[in-house]
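Throughout, read-outs are computed from the coordinates displayed, never taken from laboratory work. On a predicted model such as this, the values are computed, not experimentally measured, just so you know. Here Cβ is always computed from backbone atoms with ideal geometry, including for glycine, and neighbour counts include all displayed protein chains.
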Amino acid sequence: MSEIVEVDARGAIQLPRDLLAAVKPHTRFVLEVQGETLVLRPVTALLFWQTATSQERAEAARQWAELERPAAPLIPGMALRRDQMYN
């Protein structure tokens, strides 16, 4: 089956519903670019958190916490007072 689709100004591609009739909602795909051809392949591997041991998840959290963060303004002490939080 061939269907013509168009890329909009934001770079989004709208696919006709009848092309996706066999695809369940929230199915994730990997997009492969092969020259001028785009190929969508369903993601079949489980996510990291679904397969990692508790030790692996803890190590990943430690590594994430050690990443450099962009500079951000400090939160003034007044903003942390309980009476200010609920206003």
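Details
- Range in the chain, longest, excluding exposed trypsin sites (Lys or Arg not before Pro) [loop by DSSP; at most 13 other beta-carbon atoms within 10 Å]: 29-80
- Rounded to the nearest Hz, the phi-derived 3J(HN,Hα) couplings of region 71-85 under the Karplus curve 6.51 cos²θ - 1.76 cosθ + 1.60 (θ = phi - 60°) are 4, 9, x, 6, 7, x, x, 4, 5, 8, 6, 4, 5, 7, 5, where x marks glycine and proline.
- Value of relative contact order over the chain, rounded to a whole percent, pairs C-alpha under 8 Å and six or more apart: 11 percent
- Spin-label pair residue 27/residue 84, simplified geometry with 7 Å Cα→Cβ offset, distance in nm: 5.2 nm
- Computed 3J(HN,Hα) for region 45-58, one whole-Hz value per residue from the Karplus formula 6.51 cos²θ - 1.76 cosθ + 1.60 where θ = phi - 60°, is 6, 6, 6, 3, 5, 7, 10, 6, 6, 4, 5, 5, 5, 5, glycine and proline marked x.
- Cut-off 13 Å between beta-carbons: net charge of the residues surrounding residue 16, Lys and Arg +1, Asp and Glu -1: -2
- Residue by residue, region 14-24 carries 3J(HN,Hα) couplings of 9, 9, x, 4, 5, 6, 9, 4, 8, 9, 6 Hz when phi is fed to the Karplus relation 6.51 cos²θ - 1.76 cosθ + 1.60 (θ = phi - 60°); x denotes Gly or Pro.
- Each helix, a run of at least 4 DSSP H residues, gives -39500 (n - 2.57); summed and divided by the residues of the chain, these come to -5500 deg cm²/dmol at 222 nm.
- Placing dummy labels 7 Å off each Cα toward the beta-carbon, the span from residue 43 to residue 66 is 2.6 nm.
- Binned Cα-Cα distances of region 1-74, short to long, each 5 Å bin given as a whole percent: 3, 10, 12, 16, 12, 11, 12, 12, 8, 3, 0, 0
- Between residue 7 and residue 34, residue separation times 0.36 nm minus the direct Cα-Cα distance comes to 8.0 nm.
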